[in-house]
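Values in this text are rule-based calculations from the coordinates and carry no lab data. Please read these numbers as outputs of a predicted model, since none were measured by experiment. Cβ coordinates were reconstructed from backbone atoms using ideal geometry, including for glycine residues, and neighbour counts include every protein chain displayed.
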Amino acid sequence: MTFLPSRDREYLESKGFVFHEIVDGGNKGIVLPKFRLPTHKYDASQVDVLILLPSGYPDVPPDMFYLEPWVKLIQGNCYPKAANNPFAFSGRSWQRWSRHNNEWRPGVDGIWTMLKRVEHALEVAA
């Protein structure tokens with residue numbers, strides 16, 4: 001099933017991302033396998049990233065993102081703040097990163113915006 005807007009798909013393909021569009025129950029999400037994490041920050045070097053796309057996307061922003069496997073910060077051997085709750089999707093238990101987006105610009109933003117938010121959250125997590 002394909003549900004990503006064509007401009008999102010074109011962006012991901014142009015950047016060399018491998019991605020899977022998955023529907024699980026009433027949720028639609030994209031999974032980006034083997035997403036590289038910032039070096040020397042987490043107890044893993046790469047994870048799968050899940051971004052759920054809400055009904056109405058891309059006019060409605062994705063809210064949070066999810067990682068699998070779960071990761072901890074090397075410093076302190078703990079989960080990052082607001083990243084210690086599970087979310088079941090497609091038979092896997094994902095680590096929910098509660099990061100909200102109040103600056104989404106309908107008609108302008110897309111999956112590239114969400115990926116930048118994910119990258120930033122992973123860089124600044126404490």
Query raised in the report: Among the residues of segment 17-25, is there at least one that is farther than 14 Å from SER90 by Cα and free of Cβ contacts under 8 Å to residues at least 12 places away in the same chain?
Result: no
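Name the strands (runs of 3 or more DSSP E) wholly within segment 36-126 that hold at least 1 residues that are buried (at least 18 other Cβ atoms within 10 Å of the Cβ) and acidic (Asp, Glu)?
Numbers: elements: 46-53, 65-68, 85-89, 92-97.
Of the strands (runs of 3 or more DSSP E) lying wholly inside segment 36-126, those with at least 1 residues that are buried (at least 18 other Cβ atoms within 10 Å of the Cβ) and acidic (Asp, Glu) span 65-68.
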Query - Filtered residues of segment 100-126 (kept if closer than 15 Å to VAL47 by Cβ and either in contact with a Lys or Arg (Cβ under 9 Å, 6 or more places away or on another chain) or hydrophobic (A, V, I, L, M, F, W, C) (or both)) - result: LEU115, VAL118, ALA121, LEU122, GLU123, ALA125
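Condition check: free of Cβ contacts under 8 Å to residues at least 40 places away in the same chain, crowded, with 16+ Cβ neighbours inside 10 Å and among the β-branched types (Val, Ile, Thr). Does VAL31 satisfy that?
Details: free of Cβ contacts under 8 Å to residues at least 40 places away in the same chain: no; crowded, with 16+ Cβ neighbours inside 10 Å: yes; among the β-branched types (Val, Ile, Thr): yes.
Considered against the rule, which asks whether it is free of Cβ contacts under 8 Å to residues at least 40 places away in the same chain, crowded, with 16+ Cβ neighbours inside 10 Å and among the β-branched types (Val, Ile, Thr), VAL31 comes out as no.
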